[in-house]
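The values are calculated or read from the model by the stated rules, or taken from the named source; none is laboratory data. Just so we're clear, the structure is a prediction, and the values are computed from it rather than from any experiment. All Cβ positions, glycine included, derive from the backbone under ideal geometry; neighbour counts span all protein chains shown. Heavy atoms of the whole protein, side chains included, go into the accessibility calculation; ligands, DNA and RNA do not. Shrake-Rupley method; radii C 1.70, N 1.55, O 1.52, S 1.80 Å.
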Amino acid sequence: MIASALCIVVGTALVSIPAQRFTLRWQHTVEKILWEEDYVVAGEWLYLSGARVRGSGAGMEPPPDAIKVGGTWHYRPADRWHRAVDLARSAFGQDYELCIDDACRPMSGWVPGPPGPTTLSPCRGSAVR
C-alpha cells in the first residue's frame, strides 16, 4: 500500500507530511471571517470534500446550496478535484492554518522560513518519506 503524504513547497523548501486528510483554514484579510476547506489526498489529486465559511461579505458569499448550521455556512464546492492548491501567503495578513489529525498550526509551523507563495499537492515518487 502506498502511503499518502501532503507536500508543501515554499520557494526551494519542500516538506512532506504523512496525511490522508487535512483541513486548510484562513481568515479573510478584510472581513476577518474564518474560512475552512477539507481535503483528501487521493493518489495524485487533492479532493476538496467540503468547505465552511462563518459569515459573508467582500466576495465571500456562500453558494446558493449552502446550509447554515450554528452560524457557519457548510457546502460542497463545485470544483472538487485539484492537482495542487496554490496559496498567496504574505507577512501582511494572518497565516493560513493547516490541520492534520486535529493538530492545527500556522503554515509557518509546518514549513520553516518566511511566508511566500506556497503550493500544497500530493507527494509523488521520492518526495514521500
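Annotations
- From the list Ser90, Ser49, the one residue that fits, being of a type in the set (Gly, Ala, Ser), surrounded by fewer than 18 Cβ atoms within 10 Å (Cβ to Cβ), in contact (Cβ under 8 Å) with a residue 24 or more places away in the chain and in a strand (DSSP E or B), is Ser49.
- Restricting attention to the range 70-87 and to residues that are of a type in the set (A, V, I, L, M, F, W, C) and in a strand (DSSP E or B), the residue that is surrounded by the fewest Cβ atoms within 10 Å (Cβ to Cβ) turns out to be Trp81.
- In the range 93-129, the residue that is surrounded by the fewest Cβ atoms within 10 Å (Cβ to Cβ) out of those that are among the polar types (S, T, N, Q) and within 17 Å of Leu46 (Cα to Cα) is Thr119.
- Within the range 28-39, being buried (at least 18 other Cβ atoms within 10 Å of the Cβ) and part of a strand (DSSP E or B) holds for Trp35, Glu37, Tyr39.
- Pairs, first in contact (Cβ under 8 Å) with a residue 40 or more places away in the chain and at negative phi in the range 10-27, second open to solvent by less than 70 Å² (accessible area, probe 1.4 Å) and aromatic (Phe, Trp, Tyr), C-beta under 6 Å, six or more apart: Phe22/Tyr39; Trp26/Trp35; Trp26/Tyr96
- Of all residues in the range 13-27 being open to solvent by 40 Å² or more (accessible area, probe 1.4 Å) and under 20 Å from Gly93 (Cβ atoms), the one that is modelled with the lowest pLDDT: Gln27
- Scanning the range 76-94 for residues that are more than 15 Å from the chain's Cα centre (by Cα), over 15 Å from Glu36 (Cβ atoms) and among the hydroxyl-bearing types (Ser, Thr, Tyr) turns up at least one hit.
- Which numbered condition Ile67 misses (of (1) among the β-branched types (Val, Ile, Thr); (2) open to solvent by less than 50 Å² (accessible area, probe 1.4 Å); (3) more than 29 Å from Gly43 (Cα to Cα)): (2)
- Taking first residues from the range 29-42 that are of a type in the set (Val, Ile, Thr) and partners that are open to solvent by less than 20 Å² (accessible area, probe 1.4 Å) and at pLDDT 95 or above, the Cβ contacts under 6 Å between residues at least 6 apart in sequence or on separate chains come to Val41/Leu6; Val41/Pro122.
- Taking each residue of the range 95-116 that is part of a strand (DSSP E or B) and looking for partners that are buried (at least 16 other Cβ atoms within 10 Å of the Cβ) and hydroxyl-bearing (Ser, Thr, Tyr) with beta-carbon atoms closer than 9 Å, six or more apart or interchain, yields Glu97/Thr23; Leu98/Thr23; Cys99/Thr23; Ile100/Thr23; Cys104/Thr23; Pro106/Tyr96.
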